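Notes to accompany the following structure.
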Amino acid sequence: MNYIEVVSKLGKRISITKNYWDFIITKHESVKYMEKEVAETLINPEIVRLSKEDPNVYLYYSKYRKYYLCVVCKHFDDGGFIITVYLADKIKKGELIYETNKNNI
């Protein structure tokens, strides 16, 4: 059963199970209790970049305090899943897929 499930800005149904969410927060305690922010980042990101390593992995970013909340997702067909979530000092390099003020989707 999915713990978080939303349709992302890119039209993909993205999900994560409770067990996998618990696994992520053991590695990235700073995102504990940020389920709502994760869902909102997928739905309404400021920036989405394509991973330089994997053409099916997308990094969704939104500003969170002095950091960026980064939600990393694997896309396939019409769906996908969250790989990891973390707070970042800066946005990683990679092909720009979407930017809020550019309206380029």
Of those in the stretch 1-55 that are of a type in the set (Phe, Trp, Tyr) and in contact with a Phe, Trp or Tyr (Cβ under 6 Å, 6 or more places away or on another chain), the residue surrounded by the fewest Cβ atoms within 10 Å (Cβ to Cβ) is Tyr3
The condition from (1) closer than 18 Å to Glu99 by Cβ; (2) in contact with a helix residue (DSSP H, G or I) (Cβ under 9 Å, 6 or more places away or on another chain); (3) among the aliphatic types (A, V, I, L, M); (4) outside any strand (DSSP E or B) that Val38 misses is numbered (1)
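Considering only residues that are assigned to a strand (DSSP E or B) and of a type in the set (D, E, K, R), look in the stretch 51-96 and name the one that is nearest to the chain's Cα centre (by Cα).
Result: Lys74.
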Taking the stretch 83-98 and keeping residues surrounded by 13 or more Cβ atoms within 10 Å (Cβ to Cβ), more than 18 Å from Arg65 (Cβ to Cβ) and either touching a His at 6+ places or on another chain (Cβ under 8 Å) or modelled with pLDDT of 95 or more (or both) leaves Ile83, Thr84, Leu96, Ile97, Tyr98
Output for Cβ contacts, cut-off 6 Å, separation at least six or different chains, first residue touching a residue at least 60 places away in the same chain (Cβ under 8 Å) in the stretch 1-18, second surrounded by 20 or more Cβ atoms within 10 Å (Cβ to Cβ) and not in a strand (DSSP E or B), reads Ser8/Leu42; Lys9/Pro45; Ile14/Ser8; Ile14/Leu42
Taking the stretch 64-76 and keeping residues surrounded by 12 or more Cβ atoms within 10 Å (Cβ to Cβ) and either charged (D, E, K, R) or in contact with a helix residue (DSSP H, G or I) (Cβ under 6 Å, 6 or more places away or on another chain) (or both) leaves Leu69, Val71, Lys74
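The values are calculated or read from the model by the stated rules, or taken from the named source; none is laboratory data. Please read all numbers here as calculations on a predicted model, not as lab measurements. Because the Cβ atoms are built from the backbone with ideal geometry, glycine has one as well, and the counts that use them run over all protein chains shown.
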